[in-house]
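The values are calculated or read from the model by the stated rules, or taken from the named source; none is laboratory data. No experiment lies behind these values; they were computed from the predicted model shown. Don't worry about glycine lacking a Cβ; one is built from the backbone with ideal geometry, like all the others, and counts go over all protein chains shown. The protein model used for the area step is the full one, side chains on, heavy atoms only, and it has no ligands, DNA or RNA in it. Shrake-Rupley method; radii C 1.70, N 1.55, O 1.52, S 1.80 Å.
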Amino acid sequence: MGKTTVILLAGVALLGAGCTNPYDPGQRALGGAGIGALSGAAIGGLAGGGSGAAAGALIGGAGGAIVGAATTPVPPPPAYGYGYPPPGYVPPPPPPSYGYGYGYGK
């Protein structure tokens, strides 16, 4: 595999990994496996030829899948629309009256 092919495949893997849901462990595992497999194949191919590329792809793919699934972040809380309070919101009580205005003297 030539260097140009490896660079093109790595670019495709990075673009594909960017299209996954970062909060889904399964999709993160697939994205990590793709990036790991291409990285492992590139490193193995440069270090040990054809058989090194295959072994690097297997090891990199497995490692990338494990790391991708293990590092899945917790999704953020849902956003609320403008002007709508969150559930359970209780407005503060009105300020106390000091005897001025309506009802004074009663």
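Things to note:
- Residues that are surrounded by 13 or more Cβ atoms within 10 Å (Cβ to Cβ) and modelled with pLDDT under 70 within the stretch 11-25 comprise ALA13, LEU14, GLY16, ALA17, listed in sequence order.
- Every residue from the stretch 48-69 that is at pLDDT 85 or above and open to solvent by 80 Å² or more (accessible area, probe 1.4 Å): LEU58, ILE59, ILE66, VAL67
- Only one of the numbered conditions (1) over 26 Å from ASN21 (Cβ atoms); (2) in contact with a helix residue (DSSP H, G or I) (Cβ under 7 Å, 6 or more places away or on another chain) is violated by SER51, and that is (2).
- Any chance ALA33 is in a helix (DSSP H, G or I), at pLDDT 85 or above and open to solvent by less than 30 Å² (accessible area, probe 1.4 Å): yes
- Residue-level check: of (1) over 14 Å from ALA10 (Cα atoms); (2) in a helix (DSSP H, G or I), PRO22 misses just (2).
- The one condition in (1) of a type outside the set (Ser, Thr, Tyr); (2) modelled with pLDDT under 80; (3) surrounded by 10 or more Cβ atoms within 10 Å (Cβ to Cβ) that ARG28 fails to fulfil: (2)
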